[in-house]
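Remarks on the structure that follows.
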Amino acid sequence: MFEAIAFYIFSILTIIMFYITISTKQPLYALTSLGAGMILISGFFFMLGADFLGVVQIIVYTGAIMALYAFGMMFFNTTKEIQEPRHDSGAVVTLSTVAAILVIMIFVGPIIGDKMVSLYPPLQGATNTQSIGMVLFTKYLVPFELAAIMLLVAMVAGIVLAGKKMDRSLTLMTEEEIAMEQEAKNKVLV
Amino acid sequence: MSIGLGHYLILSIILFAIGLVGVMRRKNLLLLFFSTEILLNSVNIGFVAISHFHHDLTGQMFALFIIAVAASEVAVGLGLLIVWYKRQNNINLDQMNSMKG
Amino acid sequence: MSIEQFKNRNISDDYYLVDIDDYPTTNLGKFTRAIKRTFKAELLVGLWVVMREMLKFNIHTVQYPKEKLPIGPRYRAVHEMKRLWESGTERCIGCGLCEKICISDCIRMDTKIDEESRKEVSEYSINLGRCIFCGYCAEVCPELAITHGGRYENASEQRAHFIMYDDMLTPMDMLKAGAQKEFEGFGAITPHEDESVKKTPLSY
Amino acid sequence: MEFYLYVALFAPLVGSLFSALFTAKKANKITGYVASFLLFVSFVASGILLYDVWHGGSVHVHLMTWINTGGLYIPFGFIVDNISVTMMMVVTTVSMLVHIYSIGYMDHDEGFNRFFSYLSAFVFSMMILVMSDNFAGLFIGWEGVGLCSWLLIGFWYHKESASWAANEAFIMNRIADVGMLIGIFMIYYTTGSLQYDKVFAALPSASPYVVTLIGSLLFIGAMGKSAQFPLHTWLADAMEGPTPVSALIHAATMVTAGVFLIIRSHALYQMIPNVGEFIASLGAFVAIFAASMALVNRDIKRIVAYSTLSQLGYMFVAAGLGAYWIALFHLVAHAFFKSLLFLGAGNVMHAMDDELDPFKMGGLGKKMKWTLILMVIASMALAGLVPFAGFFSKDPIIEASFVSHHYIIYATIWITAGLTAFYSFRMIGLVFFGEERYKIFGFHPHEAYRFMLLAMAPLGILSIIIGFFRTPFYNFITNILPSTIYEVHPEALAWGMNIATQALVVLFIWYPWQKYAKFKGADKVFEQHFIYKLLFNQYYIPNFYNKCIVVPYTRVSNFFWMSIDLKIVDATVDLIANTLYKTGKKTRYVQDGNLSSMLKWMVFGLVFLLLMAVAYGLAFEYPSKIAEILLNLGVH
Amino acid sequence: MGIDYIIATIIKIVIVMLVFSALAGFGTYFERKILAFMQRRLGPMSVGPYGILQIMADGIKLFTKEDIIPTSAVDKIFKIAPIITASTAFMAAATIPFWPDFTIFGYRVQPIITDSSVGLLYVIGVMAIGLFGVLLGGMASSNKYSLISAARSSAVFLSYEVITGLALLAPIMLVGSLSLVNFNAYQVGGISNWLVWKQPMAFILFWIAAFAETGRTPFHLIANDHEIIDGFGTEYSGMRWGLFFIGEYANMFFISFVIVLVFMGGFGDGSVLSALAFLGKVAFFFFFFLWTRAAWPDVRPDQLMWLCWKVLMPLAVINIVITGFVVMF
């Protein structure tokens, strides 16, 4: 009973939050509602017994990703409302719905056909965190390491991209501008 | 009234559709990023629900890796966004057409 | 007396120079400085000092509304308007110098000719919300009519209270009791000033 | 023993990579020391292997599989037997000493670290060449030394002549390598393997024409690497490189690779004595041809280079006549005294600020006593005077040609022995004795560093004593190589021939001594003589090459470029490109550059793909039902 | 999951909310008093005996003050932000055990709202969300000082979350659980069993990071009064500002609980004496927050980042590696 109540409350709130995210003109609203939606989704994870994933959702999505977005938004004028030309079309909504249903069909297909084999069932008598640790560091060790490397590379890329001189492009500059810059550099050296 | 896999998957469908609508309708790049996050999250719900109802940790593993991918995506994407903003002073999708044929 | 003493006037036996190291430029220097500071436990010194003071409980607070510190005789606070000793009339002759000299424009006065065809101050106000207590008005006053007093508790609920002339004027009973304070020295009030004021013809 | 093999092989590589780390940095002595030390390690390991092989051992290892496709199986296999260990000893000894010498010689050069990197890489390639147990590995080493030779000749690449010489050497070698590569292909085609043992076991059953062809093609490769006529011009030009390089690569090791190849494939060449005779004839011709050019040359390094050519000719004579062990022994002895000669020349160059013309020197012996002594030892060894190495290694070749009744070859190389003595002592006389002409040109010669001389000293000692090891060497090497002994009978004739040779040599030492040790000025009449001009211009062969090959080839290339490439090939390519371009121009409006519309297209594509996935999934799941439905629709 | 469980949980939640809201108020009083004593002053004295009613006076003032919302601010976000700070601070308390188990009216009461298997991670995660209050408040205020404060806060919190996580990883490896109850159980049996002896480096790192996470004095740059007025709180007034304050003080209390539970032995075997010692330890760590405010200067933002990435993070990683080796062999 409580689970049903919680589920319905959470779902309705999540849908509302995400709807605000995609429909609002104010980026700050979008940010806040998206963050709230993420936390609500972590609630689903807790309900489904995936405690560890729930906490990871909170820490990574809300703590890190949304904070990064917010950090990035400070570069833009946040409180200004954004103007977007709206040619509203049913095609967009239809297309999205069809795509969503198809994706879920592909997910559900094996389940309905009872063709899904449980490869890594949760360990008996272990908490969710322990089971995840066991599977992650045995069967999924290589993907885990790859994910780690990917994160490292992404971090380096982020730092480099947001670095100082990335906004000047030698291909977009004219010859004179490049020459001038070179001259300025030489002057400094002298 | 018990909540089954179907409930979660329908929720996942709805959120996925919302995300796709956002991806197609949003003109502001930042909000486009937000929409992609919605897509990823909706799929995560599906994964974890299947994992729960079928007693298999693979779904949770996938969700975990999706979160990792999302984190890297933000780091790189936001970096690109900032570079673009510095250069063009806007992040409007309709003005990103220097690659047109 | 040599000039050296003047040049070195900052240095006396009471001063001591703090031995400040140069800021390290190399990375090794920075590292050794960090290590030194860590093991000298400089942070703990600060903690100890405040803790010591707390334990000593050597409180210096003066609980002001209840206790008040004595005020020095040369303290100059809210203005006082003086009266003549004998007759008790106001000393102010409405010359307007204080209004003229006031740098924050807070003195305003109005005069009229009274029935004795003498100049009379009809209205006088000092906006204490604006006043910066520079003391020019007291200095310029030829009659020593406006002076600074020792009253410093000048709080009020309304700004209108800050311009009340009557509050500044010495009350008659105080004058009678001889409590009007006079400043001595050059230009001070002489005896029988009252008469000479009355005899002075003012209509030309 | 495997361990020592790998140590001997990979120590130079480690040295090379270590030095390579510092190539962008300033010159650092440490690279030189480390590279030399690792060469020493390699030398010690080779010594241990030699000891093992001497006592009858043999190492054959299989590092890993390299190519394994279809019937082709090529491993990275290495073999240490009597031949390769001999070569390894020569290579490691000479290269170790040259490394040490180079520390002093390259002292002030900016590319010090780069030099050691290249030099050690060369040694590594050379080790692969000599140690490989198959033709493919040999070819890797072959190309490796070619590459290092190119790098080192063009070491001072900012000098145009150096880079030109490097390219010339490289291209000449490539011409020969084509022959060699075809030979290797033919070996594989004929025998189905590239392993030496399998190839030589299978060859006797092959048709003699094919074997002859293979032998000739391999010899073309050997000709290129050993700079035999007509591919000889690069060696003299290769003297543009630093002198230690000339000593190591273009005298002692790399250029002998051709001889090594013949010796390695002796089983092949024994089957085709005709080709052997051709090799011997060509060798004899090159011997006298190169020696004659050395007679008049005015560049001490080129004199030594021509002498190298000449001695390589001797080796080919021996190898061609089937006296493989003599060829190998001469190779060893020659490596020591020729590298010593080069290093001595290097000292002289150092003293004279890179001046090479011996007519501008003279009387240097007073300043450079030790260099003089070492050079004289080397020259005597080269000339073949009695107790020195050359006598024990070169005279057997002359005798062998006599015994095998090739009298023309005998006469040719007998005269060449005299010429050898002549040009060696002409150079000694001009450089170290006589008037001190260098003073006119304002040079201030000085003796080289002590440790450079110390590095040369072992070579000097070896040049003296190596000859006495002929008998043990014979016993050692004939375990593998055919043990033919070429002795002249009767004994009196043998003695007579020896004495005659010695007399000739002494005469040709005495004559230049007379003429050049007291040299006053150039002999104008002598220099106007036709033969002098002919010899001085290297028989006009470079000019000939230029006129008859380079110019016509350029014309043909131009023709192909202008008419065929531009008008036919390019036009075809352009047509295809233009078609695509025009099509693209018409369809590019789909791509309006708007990311938003692209995203819509993307989602559309996604939906399409998902639909396809679902449809195919269903089709695979229920093929019979689908077929039924289609049947009902009238589709078969 | 019976109805009694739900009721018990709701009662627990209410008690925690009430107690810690009150404690946050008392916290301000203690802070004023202690700072005053350390500076040879008396602190609040007028309202009530020894100024104890100052809390009431402040509360009345905050509640009755006009709630001003700047016209250019994004009003909804502006209004929500303080609530986020306060509520996340209390949410973090869900997995913290405040007292050993005890029996009352025949009921066995666990004074922890829920003993999750991811307790410690949950506390850290939810405290990290507290950043959003500051962040959104700063961004919605349309005030430059607020924006700077928001930028600083996101930078500091993101960086120090790394330190917190890495520092706690080593103790987690030793204990093998994320539940704070298990942490407590691991350290039962006297002072010598405390994790601080096994993990002194992790303890110091976590302690330092705790200062940054709560934004207290050596790292008080988020609302550095002499540089950026009151940072994110510049445009706030009344109870909204008060909520920020409550959030900050509740965070201080909870992080003190976490430090004591993880490193300093917690409430030990559950006897009343050790439970009181537990409260004493928590009080000491809370006191330390105030103590440093009196004694130490603030650092600059760049120094803070330097400290985080170039000093603390390498140390934390080294600590993890060493712990890993010790656990493995």
Which ordering of E:31, D:355 is given by a fewest-first count of other beta-carbon atoms within 10 Å?
D:355, E:31
Once amide H atoms are built 1.01 Å from N in the peptide plane, which residues 5 or more positions from residue E:40, or in another chain, come under 5 Å H to H?
none
Centre separation in Å (Cα based) which lies between the range D:602-617 and the range E:99-127
49 Å
Just name one of E:228, E:323, E:117: the one whose Cα is farthest towards the positive end of the charge dipole of chain E (beta-carbon charges, Lys/Arg +1, Asp/Glu -1).
E:228
By average C-beta atoms within 10 angstrom, highest first, the peptides E:266-279, D:454-467, D:283-296
D:283-296, D:454-467, E:266-279
Per-residue Cβ counts within 10 Å, from other chains only, averaged over E:76-83: what number is that?
2
Where the centroid of each part is defined by its Cα atoms, how far is the range D:348-403 from the range C:102-167 in Å?
122 Å
On the formula 1/(1 + (r/R0)^6), with r taken between the Cβ atoms of residue E:47 and residue C:172 and R0 of 35 Å, the FRET efficiency rounded to 0.05 is 0.30
Can you work out the FRET efficiency for the pair residue C:55 and residue E:18, with r the C-beta to C-beta distance and R0 = 30 Å, to the nearest 0.05?
0.35
Each label point is 7 Å from the Cα along the Cα-to-Cβ direction; what then is the distance between the points at residue D:626 and residue E:192, in nm?
7.5 nm
Which of the trypsin sites (Lys or Arg not before Pro) across the range D:1-77 are loop residues per DSSP, with 13 or fewer other Cβ within 10 Å?
D:25, D:26
For residue D:60, what residues show an amide H to amide H distance below 5 Å, using hydrogens built from the backbone and excluding near sequence neighbours?
D:80
Identify the chymotrypsin sites (Phe, Trp or Tyr not before Pro) of the range D:76-172 meeting these criteria: DSSP loop state and at most 13 other C-beta atoms within 10 Å of the C-beta.
D:157
Which of the listed residues, C:169, C:117, C:152, is farthest toward the dipole's positive end in the range C:79-189, when Lys, Arg count +1 and Asp, Glu count -1 at the beta-carbon?
C:152
Relative contact order for chain D: what is it in percent, counting Cα pairs under 8 Å that are at least 6 residues apart?
11 percent
Whichever lysines have a C-alpha closer than 23 Å to that of residue D:567, once near sequence neighbours (fewer than 8 apart) are set aside:
D:582
Point-to-point label distance, residue A:3-residue D:37, nm (Cα→Cβ direction, 7 Å offset)
7.1 nm
Run down the aspartates and glutamates and flag those whose C-alpha is under 19 Å from the C-alpha of residue B:86, throwing out any fewer than 8 positions away in its chain.
A:167, A:177, A:181, B:94
Give me, ordered by chain and number, the residues 5 or more places off residue C:148 or on other chains with an amide H under 5 Å from its own placed amide H.
C:80
Just to be sure I understand the model, the point goes 7 Å from the Cα along the line to the Cβ. What's the resulting residue D:69 to residue E:75 distance in nm?
7.6 nm
Convert each backbone phi in the range A:12-24 into a coupling constant with the Karplus relation 6.51 cos²θ - 1.76 cosθ + 1.60 (shift: θ = phi - 60°), then list the ³J(HN,Hα) values in order as whole Hz, x for Gly and Pro.
4, 5, 4, 5, 4, 4, 5, 5, 4, 4, 8, 10, 6
Angle between chain D longest axis and helix D:389-403 axis [Cα atoms, degrees, rounded to 10]:
80 degrees
Per residue of the range D:172-187, what does 6.51 cos²θ - 1.76 cosθ + 1.60 with θ = phi - 60° give for ³J(HN,Hα)? Whole Hz please, x for Gly and Pro, Karplus curve as stated.
4, 5, 5, 4, 5, 5, 4, x, 5, 5, 4, x, 5, 4, 5, 4
If one compares the long axis through the Cα atoms of helix D:324-351 with the longest principal axis of the Cα atoms of chain D, the angle in degrees, nearest 10, works out at 80 degrees
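Compute the signed sum of charges (Lys and Arg +1, Asp and Glu -1) over the other residues within less than 12 Å, Cβ to Cβ, of residue E:222.
-4
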Could you give the dipole magnitude of chain E about its Cα centre, charging the beta-carbon of Lys and Arg +1 and that of Asp and Glu -1, in debye to the nearest 20?
420 debye
Dipole of the range D:44-152, Cα-centred, from +1 at each Lys and Arg C-beta and -1 at each Asp and Glu C-beta, to the nearest 20 debye?
120 debye
Using alpha-carbon positions, the gyration tensor of the range C:79-189 gives root eigenvalues a ≥ b ≥ c; with a/c under 1.5 called rounded, otherwise prolate if a/b exceeds b/c, else oblate, the class is rounded
Going by alpha carbons, how many degrees (0 to 90, nearest 10) lie between the helix axis of B:29-53 and the longest principal axis of chain B?
10 degrees
Which entries of E:33/E:144; D:338/D:394; D:439/D:515; D:301/D:533 show an alpha-carbon separation above 23 angstrom in the structure shown?
E:33/E:144
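Relative contact order of the range E:185-329: what whole-number percent is it, with Cα pairs under 8 angstrom and at least 6 residues apart?
Rounded, it is 33 percent for the range E:185-329.
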List every DSSP H helix in chain E whose Cα atoms extend 18 Å or more along the helix's own long axis and whose mean Kyte-Doolittle hydropathy is at least 0.5.
E:3-38, E:75-91, E:119-140, E:144-175, E:200-214, E:238-263, E:272-295, E:313-328
Quick check: the distance between the Cα centres of the range A:34-56 and the range D:263-282, to the nearest angstrom?
84 Å
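Read-outs: derived from the displayed coordinates by stated rules, not from any lab. What you see is a predicted model; the values in this text were computed from it and never measured. Ideal geometry is used to build each Cβ from the backbone, glycine not excepted, and the neighbour counts take in all protein chains shown.
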